[in-house]
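These notes concern the structure reproduced below.
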Amino acid sequence: MASTVPERAQVVVVGGGIVGCAVAYHLVKRGVTDVVVLEQGTLTCGTTWHAAGLASQLKSSHSLTKLATYSIELFQELEAETGQATGFRAPGSVSVATNEERWQELLRGKSMASTMDVEIQEISIEEAQEKVPLLNADDVIGALWIPDDAITSPVDTTMALAKGAKIGGARVIEGVSVTDLTVENHRVTGVHTEQGYIEAETVVLATGMWTRHLAAKIGVNVPLQACEHFYIVTEPLEGAYRGMPTLRDPGGYTYFKEETGKIMAGFFEPRGKVWRTDEIPRDFSFGTLPEDWEHVGPIFEKAVHRMPALGECGLQLFFNGPEAFTPDGVYYLGEAPEVDGVFVAAGFNSVGIQSAGGVGWALADWIVDGLPPMDLNSVDIRRAFPFQADEMYLKERVSESLGLLYAMHWPFRQYESARGTHKSPLHDRIDAMGAVWGEVAGWERPNWFATGDMERRYEYSYGKQNWHDVSGDECNAARTAVGLFDQTSFANWMVEGPDALDVLNTIGGNDIDAPIGKAVYTQWLNDRGGIESDLTVTRMGHDRFFVVTAPAAANRDWTLLQRAARGRDLTVTDVTDDYVMLGIMGPRSRSLLNDLSDADLSNEGFPFGTAQHVTVAGREVLALRMTYVGELGWEVYIPTEHGLEVYDAIVVAGEAHGLRHCGYHALNTLRLESGYRHWGHDISDEDTPLEAGLGFAVAWDKPVDFNGRAVLEAQRNEPRTKRLIQFRLEDPELLLYHDDPIYRNGVLVGRTTSGMWSYTEGRALGMGYISCPVSENEKGVTKTWLDEGEWHIDVAGQMIPASTSIRSFYDPMNERVRM
């Protein structure tokens with residue numbers, strides 16, 4: 001049989017589900033017509049065919065909501081464009097809450113959606129029952145109506161996307177499996193198929209639950225896991241009228257969708273059922289799994305409570321089919337960090353249909369332009385870590401993450417499963433001090449410290465949680481005495497070699513060509529001037545540099561550095577495990593360290609922003625006079641073998657100086673009070689240093705054509721029409737988190753990026769980007785424009801007065817770090 005595959009293609013899309021076809025569709029729209037879509041079975045045969053077809057707009061974040069709303073806009077027009085029926089209709093949806101906390105969550109989501117022009121209405125219980133006559137609302141306390149939420153046929157919509165791609169020049173080939181990929185010099189060069197080799201510049205893995213094992217063949221890590229997903233379809237049911245809105249009852253872990261006069265009820269049970277961890281067979285096509293009433297029974301009872309007619313009618317279908325889920329419940333998108341030219345779009349956690357249009361648009365732009373079209377950090381494949389590929393980890397964690405899809409999305413919620421991957425050498429000591437642990441990038445980290453008879457567990461709410469007061473005591477210690485932070489989880493790298501300076505100075509905005517011993521705060525930038533990384537680089541020698549970055553960003557930052565270093569004469573070594581790192585922060589930190597060291601720690605002997613090797617408790621350590629809390633302090637890097645010894649000495653000596661162990665919730669409060677940005681929240685790759693108020697960290701005079709320089713120099717001379725501003729919420733109880741709408745004189749001008757309670761202000765503080773067009777104020781966002789406005793932040797539907805400041809509310813001149 002002659003081969004049906006071409007010898008080469010510019011882009012090979014592996015996987016013919018709705019996501020793969022959406023990517024191909026958008027690539028041809030961008031002018032990339034040499035595209036081949038390969039499907040091992042027939043289009044939609046993996047997961048797409050059995051999806052519910054829900055297309056909802058409201059998601060957990062601004063970026064995910066934007067992708068979902070784009071999908072609906074695309075699906076509305078697709079049939080007219082391609083002539084292929086899609087089954088698209090927009091009956092709207094109703095979401096109900098049965099307790100105050102769930103209602104608070106829904107209202108906060110409603111507020112966030114307003115920043116995206118998503119229409120959401122609060123409706124009465126009676127109105128909800130009018131829209132969904134089968135609804136039992138006896139215990140419902142609130143309901144939201146989203147009129148533009150939609151339903152589409154997954155199979156027909158995929159066919160329309162495939163047809164649109166083919167009209168644009170793409171080829172779609174079914175019945176051909178990709179068996180391997182080829183890589184040369186860190187870049188993909190093609191794919192092996194059952195019918196021969198295809199040379200390719202770019203390969204997109206849109207292969208659903210097959211992705212993990214296929215990607216692993218070339219060393220690409222895509223930690224996802226197949227789980228069983230259940231739904232039932234009733235016999236025709238009176239009251240299930242054509243066009244009835246979709247009903248969501250997150251407290252009952254169920255959605256209800258009208259389907260040709262029947263009801264489809266789908267379940268997201270509190271603990272998901274993992275299917276198989278080994279490689280899924282190539283011929284698992286249109287596959288189903290056995291019924292499991294024992295597993296689903298308790299959730300079905302909740303569904304019957306919400307819609308009693310389910311308990312009285314016949315069931316036409318009990319469906320069980322596998323889908324791919326991820327450890328954090330969010331899909332993977334973007335270029336794989338291990339291999340250039342390999343893009344991933346997989347692990348959709350049952351939201352593949354509603355995300356596909358936006359994902360196709362974003363990934364096509366990413367491939368063509370080399371950068372994503374918006375901040376996609378929350379879905380970026382670079383957030384995945386190697387330890388997450390462990391099958392036992394996936395089995396435990398993904399079972400939990402599936403269950404969280406309809407659970408309460410509490411602020412500060414901590415995962416309970418698959419914990420303890422990475423622990424500081426000080427873990428047992430810190431634990432003995434009452435630590436209540438959180439997890440970031442696999443690291444166990446103390447979030448707060450229980451005192452007295454407090455239970456060492458979270459009591460979640462949208463208000464002040466049970467750790468509120470003790471975290472305040474920790475903040476007070478750092479502000480008035482000494483706070484001790486175990487920051488061993490931060491990633492540390494040594495960059496060495498003749499080209500080290502040039503590489504670091506090219507990817508970063510600040511000047512790394514500083515005296516030996518100088519610690520430089522900088523951002524690594526992209527060609528658009530956007531902030532890719534936020535970190536410190538300390539010059540340890542002529543061509544030797546010490547890089548410190550946050551653990552959550554470590555894989556992303558490592559990838560950026562490694563790509564910049566290719567072909568250059570330098571080495572990058574991960575030395576994270578070589579050190580225990582303690583943050584000793586507060587106005588009495590110098591006095592404490594003076595008791596343990598004979599080094600000159602004065603401003604003259606040890607200026608802010610410098611590093612020295614000094615002796616502490618008889619051991620040589622590296623001390624950096626840097627801070628993320630806005631106080632006098634040092635980051636002390638202790639060789640791991642001496643970590644316990646030096647820690648014990650610091651704790652003993654600290655008793656005389658009011659030392660207190662502090663957690664990461666306190667750290668977050670302290671940094672926000674001091675106006676310090678957090679990458680991934682306050683700054684991202686679509687924000688420039690000038691917009692983020694970090695222009696001081698750009699070395700405009702350095703003789704290096706650093707990334708994004710031309711863009712930033714042009715922006716430097718223009719009015720600041722977008723700017724990150726500090727906010728104080730003028731309410732004694734309410735808290736800010738993120739994505740809260742910001743209003744000036746009643747007009748929406750932005751949204752918050754992060755928020756935390758401030759114990760010094762006695763109010764919630766937040767940061768947020770606001771915009772002011774030149775047509776409104778020729779100088780853009782200025783202090784005068786801020787002062788002349790009346791400011792409010794929408795918190796769960798309440799318009800709360802707010803104060804603004806360009807500088808931090810605490811120590812606005814940044815004097816305390818130089819005490």
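Observations on the model:
- Stretch gain in nm, segment I125-R8, where the contour uses 0.36 nm per residue and the Cα spacing is subtracted: 36.2 nm
- Based on protein heavy atoms only, segment 314-402 ends up with 24 Å² per residue of surface accessible to a 1.4 Å probe.
- Here segment 722-819 is assigned +1 on the Cβ of each Lys and Arg and -1 on the Cβ of each Asp and Glu. Its dipole about the Cα centre then comes out at about 420 debye.
- Segment 520-584: C-alpha gyration tensor shape, a/c 1.5 cut-off, then a/b vs b/c: oblate
- Surrounding net charge for R763, when Lys and Arg each add one and Asp and Glu each subtract one, Cβ distance under 13 Å: -3
- Projecting label points 7 angstrom from Cα along Cα→Cβ for D543 and E620 puts them 2.3 nm apart.
- Listed by chain and number, the lysines whose alpha-carbon sits under 20 Å from that of K702, ignoring those within fewer than 8 places in the same chain, are K518.
- Spatial separation of Cα centroids for segment 609-687 and segment 761-794, in angstrom: 33
- Separation between Cα centres of segment 7-80 and segment 527-562, rounded to whole Å: 34
- Between N745, V23, P223, the Cα set farthest toward the positive side of the dipole of the chain (charges on each charged residue's Cβ, about the Cα centre) is that of N745.
- Summed residue charge, Cβ within 13 Å of H295's Cβ, Lys/Arg positive, Asp/Glu negative: -4
- The chain: angle of helix 352-369 to the longest principal axis, Cα-based, in degrees nearest 10: 60
- Report summary: the helix-based calculation at 222 nm, which adds -39500 (n - 2.57) for every DSSP H run with n ≥ 4 and divides by the residues of the chain, gives -7500 deg cm²/dmol.
- In this structure, R242 and I167 have a Cβ-Cβ separation that, at R0 = 45 Å, corresponds to a calculated FRET efficiency of about 0.90.
- Farthest positive-ward along the chain dipole, Cα basis, beta-carbon charges - from P386, A666, Y676: Y676
- Once both labels are positioned 7 Å from their Cα atoms along Cα-to-Cβ, the gap between E391 and I806 label points is 5.9 nm.
- Solvent-accessible area of segment 546-625 (1.4 angstrom probe, protein heavy atoms only): carbon and sulfur portion equals 43 percent.
- Rounded accessible area per residue of segment 164-283, 1.4 Å, Å²: 37
- Per-atom-type breakdown for segment 651-763 gives carbon and sulfur 48% of the accessible area (1.4 Å probe, protein chains only).
- Rounded to the nearest 20, the Cβ-based charge dipole of the chain about its Cα centre (Lys and Arg +1, Asp and Glu -1) stands at 780 debye.
- Summary value for the chain: 11 percent relative contact order, contacts being C-alpha pairs under 8 angstrom separated by 6+ residues.
- For peptides 523-529, 74-80, sequence by mean Cβ density within 10 Å, most packed first: 523-529, 74-80
- Segment 251-361, accessible surface, carbon-and-sulfur percent (1.4 angstrom probe): 51
- Whether segment 99-161 is rounded, prolate or oblate, judged on the alpha carbon gyration tensor where a/c under 1.5 counts as rounded: oblate
- Computed E for D731/M433 - FRET, C-beta separation, R0 45 angstrom, nearest 0.05: 0.85
- Angle between the chain longest axis and helix 554-565 axis [Cα atoms, degrees, rounded to 10]: 80
- The phi-based Karplus calculation (6.51 cos²θ - 1.76 cosθ + 1.60; θ = phi - 60°) puts the 3J(HN,Hα) values of segment 581-587 at 10, 10, x, 10, 10, x, x Hz, whole numbers, x for Gly and Pro.
- Restriction of the GluC sites (Glu not before Pro) in segment 371-422 to DSSP coil positions whose beta-carbon has at most 13 other beta-carbons within 10 angstrom yields E416.
- Compared with the dominant Cα axis of the chain, that is its longest principal axis, helix 391-403 is turned about 70°.
- Protection proxy ranking, highest mean first, for peptides 775-787, 506-518, 665-677, 696-708: 665-677, 506-518, 696-708, 775-787, where packing is the per-residue count of other beta-carbon atoms within 10 Å, averaged.
- T182-E259 pseudo-label distance in nm [points 7 Å out on the Cα-to-Cβ vector]: 4.4
- The H on the amide N of N466, modeled in the peptide plane, is under 5 Å from the matching H of E459, each at least 5 residues off or on a different chain.
- You can think of it this way: the chain between A216 and A85 has 43.4 nm of extra reach, that is 0.36 nm per residue less the Cα-Cα gap.
- Segment 414-526 - accessible surface per residue (Å², probe 1.4 Å): 35
- Segment 224-323: GluC sites (Glu not before Pro) falling in loop per DSSP and having at most 14 other Cβ within 10 Å: E238, E279, E291, E312
- Charging the Cβ of each Asp and Glu at -1 and of each Lys and Arg at +1, and nothing else, the dipole of segment 356-444 about its Cα centre rounds to 140 debye.
- Annotation: aspartates and glutamates with alpha-carbon distance below 17 angstrom to K464 (same-chain offsets under eight excluded): E100, E101, E105, E455, D473, E474, E730, D731, E733, E761.
- Taken one residue at a time, the phi angles of segment 433-449 give Karplus couplings (6.51, -1.76, 1.60, θ = phi - 60°) of 8, x, 4, 10, 8, x, 9, 9, 6, x, 8, 7, 9, x, 7, 6, 10 Hz. Gly and Pro are set to x.
The values are calculated or read from the model by the stated rules, or taken from the named source; none is laboratory data. Because the structure is predicted, anything quoted here is derived from the model rather than measured. Because the Cβ atoms are built from the backbone with ideal geometry, glycine has one as well, and the counts that use them run over all protein chains shown. All accessible areas refer to the heavy atoms of the entire protein, side chains included, with ligands and DNA or RNA removed. Shrake-Rupley method; radii C 1.70, N 1.55, O 1.52, S 1.80 Å.
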